[in-house]
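Structure first, commentary second.
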Amino acid sequence: MKFIHLSDTHIGKSNNREKTALIIDWILNNRAKHQSELVIISGDLVDDGEEWQFLQGREQIDRLRRDGFRVLVCPGNHDYGPAGIRENLQSQSSFAFLISGIEEYPHLNIVDGQAFILLDSMAEEIKNVEIWGAQGNLGEKQLHKLDHMLDEAAEDPGIENVFVVLHHHPFDFQFYHGLRDQANLKGVISQQLNHPPRVNGLIFGHKHIEHRFNDPEENKEKLFGINLIYASGSTVERNQEGKMVIPVINVLDKTIERFFI
């Protein structure tokens with residue numbers, strides 16, 4: 001099984017709506033290449049959490065769904081308010097109603113025997129009155145539920161792999177930008193001694209820098225006992241060759257194939 005990982009499309013900013021439409025065009029027209037029926041978007045679908053932006057984002061998601069794709073979306077800081085720093089309850093509600101259909105996190109989705117757990121890395125942050133930073137905060141309640149969910153998944157013989165999806169980057173330690181409770185998250189998802197991995201894949205966005213965390217000198221996949229840890233860049237941003245990158249992740253062998261459009 002394979003899935004496509006998109007992130008940080010920031011619809012509503014510049015010409016990102018048109019770029020996102022091009023990405024969706026490619027997905028719809030290249031099934032034989034990517035061999036995926038699942039698309040996961042790890043937050044910041046839109047730029048300011050405005051209803052008109054959500055409607056434009058839903059238009060692109062609906063194109064995928066009408067053609068048979070399953071689409072899972074978790075929220076980012078820009079989905080919850082202007083500039084990603086002024087989160088508000090109206091944007092949170094609009095995201096749930098117009099985009100995700102999810103009211104409570106963590107949210108478990110099982111697709112062909114593979115578990116995908118979506119997190120809301122703004123769940124506690126939205127209660128914070130600070131308006132100058134782009135931090136995230138999962139909160140104790142969500143982490144406790146995630147811990148319990150992972151225990152249940154480990155006991156379920158019908159689940160082959162578990163992927164955790166969130167927006168905020170758990171390895172970005174800039175105070176104004178990072179996940180406040182990243183250490184607590186790592187405590188929940190790390191492999192326990194003499195046990196198989198609790199989580200087989202961890203994917204996220206937020207920093208707009210694409211990277212797989214298996215560097216020989218600092219292999220975080222090995223450190224935390226997670227088979228694949230991957231940050232998508234902003235899918236709508238072009239690289240030095242003027243191409244947008246669409247990563248396709250193979251769930252079974254934990255490899256990533258990158259397509260350039």
Original post:
Just for the stretch 131-243, what percent of DSSP beta bridges are antiparallel, to the closest 5?
Top reply: 35
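Compute the relative contact order of the chain as a whole-number percentage, counting only Cα pairs closer than 8 Å that sit 6 or more residues apart in sequence.
On the way: 566 pairs, mean separation 50.4, N = 261.
For the chain, the relative contact order is 19 percent.
What ranking of F224, F95, F116 emerges when the number of other C-beta atoms within 10 Å of each C-beta is taken as an exposure proxy, fewest first? Can you show the working numbers first?
On the way: F224 19, F95 27, F116 23.
Ordered from fewest to most neighbouring Cβ atoms within 10 Å, F224, F95, F116 come out as F224, F116, F95.
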Original post:
Using alpha-carbon pairs under 8 Å, 6+ residues apart, how would you state the relative contact order of the stretch 168-261 in percent?
Top reply: 21
Original post:
What is the antiparallel percent of DSSP beta bridges lying wholly in the stretch 2-260, to the nearest 5?
Top reply: 45
Subject >> Shape call, the stretch 33-126: gyration tensor on alpha carbons, a/c limit 1.5 >> reply: oblate
Subject >> Per-residue HN-Hα couplings for the stretch 194-201 [Karplus 6.51, -1.76, 1.60; θ = phi - 60°; Hz; x = Gly/Pro] >> reply: 6, 10, x, x, 6, 10, 8, x
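So how strong a dipole does the chain carry about its Cα centre when Lys and Arg Cβ are +1 and Asp and Glu Cβ are -1, to the nearest 20 debye?
On the way: 26 positive and 39 negative charges, 123 e Å.
Dipole size: approximately 600 debye.
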Original post:
Span-like helices, the chain: DSSP H, alpha-carbon axial extent 15 Å or more, mean Kyte-Doolittle -1.0 or greater, which ones?
Top reply: 16-29
Original post:
Out of residues 5 or more away from V111 or on other chains, whose amide H comes under 5 Å of its own, with H placed 1.01 Å from N in the peptide plane?
Top reply: F116
Subject >> GNM top mover of P106, P170, P197 - the chain, alpha-carbon springs below 10 Å >> reply: P197
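In what sequence, highest mean first, do 66-75, 242-251 appear when ranked by Cβ atoms within 10 angstrom?
Numbers: 66-75: 19.3, 242-251: 17.8.
Packing order, densest peptide first, comes out as 66-75, 242-251.
Does the stretch 109-261 come out rounded, prolate or oblate, given a ≥ b ≥ c as the square roots of the eigenvalues of its C-alpha gyration tensor, rounded meaning a/c under 1.5 and, failing that, prolate meaning a/b above b/c? It would help to have the intermediate numbers written out before the result.
Working: a/c = 1.66, a/b = 1.08, b/c = 1.54.
Oblate.
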Subject >> Rounded Å value of the spacing that divides the Cα centres of the stretch 1-43 and the stretch 200-245 >> reply: 17
**OP:** Between R17, R65, R86, find the one with the highest GNM mean-square fluctuation for the chain; connect C-alpha pairs within less than 10 Å.
**Re:** R65
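Taken together, the values in this text are just the output of simple stated rules run on the coordinates, not laboratory data. Fair warning: this is a prediction, and the values are worked out from it, not measured in the lab. Cβ atoms come from the backbone with ideal geometry, glycine included; neighbour counts cover every protein chain shown.
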